[in-house]
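Read through the structure below, which is laid out as structure tokens, and then see the notes.
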Amino acid sequence: MLTFVQSAFRKRRFTVTWLLTAVALVSSATGIAQDKSASGPIAVCVECHGNDGLGYKAGIPHLNGQPIPLLTSMLNAYREGKRPTKVKFHKDIPAADVGALAKHYAEQKAQRPKSATKPDLVARGEPLYANRCADCHVDSGRDSDKEAPLMAGQDVDYLVAQTLAFKSGERKFPYLMDKAYKDLSDDDLTAIAHYFASQDQVASQQGRKRRR
Ligand code: HEC
Ligand code: HEC
């Protein structure tokens, strides 16, 4: 019986590989296997952000590797009502826990699962990114200057929503980012979001050499 199954599998190896790829794609679009082990203040966050900082479904940002000062200012903005949020937990974070939460997620090094980005949008977004956003969201969003968040490999649905939220006024522009947005359409901004989301979290060797 086992031999029969094995040979059936060998014959169908291509189909099986293809099926596994399809399953992997589907599961990355709908959710990922998530590490929800946790204790302490992080316990209320893992349902959505995991212990490893990976957003478990479309629309939830990956937090892993963001700099501590940035995570701290994001959490304080939520607590103080300076940044809108759909998530009640964000507003209820005790001030005393902010430091530990920021440190925990900053130290996580998990591989971000790639979102399904559209190649035509990625191509349209690349030169717009280079002209408008690269000064602060450095190295295709893998690095940061002027306290900008890391964007490479971020969830695409989250990024599209947040990119447009600055334009609509829902989120307040940080210093000088409004200038970078001047005259960009919603479609331009969506394209830049796809460009960021499509980027590898870690630069290729070639990419590293190109860096200043
Ligand atoms: C019910 C799901 C859920 C829970 C629980 C949750 N979050 Fe979130 N988180 C989200 C979503 C969705 C967003 C996207 C923006 C929004 O609506 O605020 C987000 C955004 C964030 C951001 C902003 C990231 C960025 O790139 O700007 C931070 C930081 C964050 N969450 C930290 C936490 C921490 C720390 C906890 C635990 C105290 C937590 N979240 C609990 C769903 C959740
Ligand atoms: C002058 C520096 C600067 C430039 C230029 C800039 N940004 Fe930003 N960006 C920032 C800073 C700082 C933040 C953090 C704001 C905050 O936490 O509220 C940010 C945050 C963001 C976020 C939110 C990410 C998240 O995880 O919450 C998006 C989306 C974004 N920028 C898109 C863009 C796009 C698109 C461009 C180019 C058109 C751009 N930025 C140009 C500095 C900049």
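Bear in mind that the values in this text are calculations on the coordinates, not laboratory data. Since the model is a prediction, treat every value here as computed from it, not as a measurement. Here the Cβ positions follow ideal geometry from the backbone for every residue, glycine too, while neighbour counts run over all protein chains shown.
Here are a few things to note about the model shown:
- Shape of region 40-106, Cα gyration tensor, a/c cut at 1.5: rounded
- Computed lengthening from Asp97 to Lys114, 0.36 nm per intervening residue step minus Cα-Cα distance: 3.1 nm
- Percentage relative contact order, region 93-212, counting C-alpha pairs under 8 Å, at least six apart: 35
- Between Asp143 and Lys88, the modelled labels are 4.3 nm apart [label points 7 Å from Cα along Cα→Cβ].
- When Phe166, Phe196 are sorted by how many other C-beta atoms sit within 10 angstrom of their C-beta, beginning with the fewest, the order is Phe166, Phe196.
- Difference of contour (0.36 nm per residue) and Cα-Cα distance, Tyr181 to Asp200: 4.4 nm
- Share of alpha-carbon pairs per 10 Å distance bin for region 119-210, given as whole %: 18, 55, 24, 3
- Pairs exceeding a 28 Å alpha-carbon distance, out of Lys57/Lys118; Lys36/Lys167; Lys86/Lys172; Lys91/Lys182; Lys88/Lys167: Lys36/Lys167; Lys91/Lys182.
- By the beta-carbon count within 10 Å of each Cβ, the least crowded to most crowded order of Val160, Val138, fewest first, is Val138, Val160.
- Taking Lys86, Lys172 and counting other C-beta atoms within 10 Å, the order from fewest to most: Lys86, Lys172
- Alpha-carbon centroids, region 59-81 and region 134-160: separation in whole Å: 13
- Net lengthening on full extension, Lys167/Ala43 (0.36 nm per residue, minus Cα-Cα): 41.3 nm
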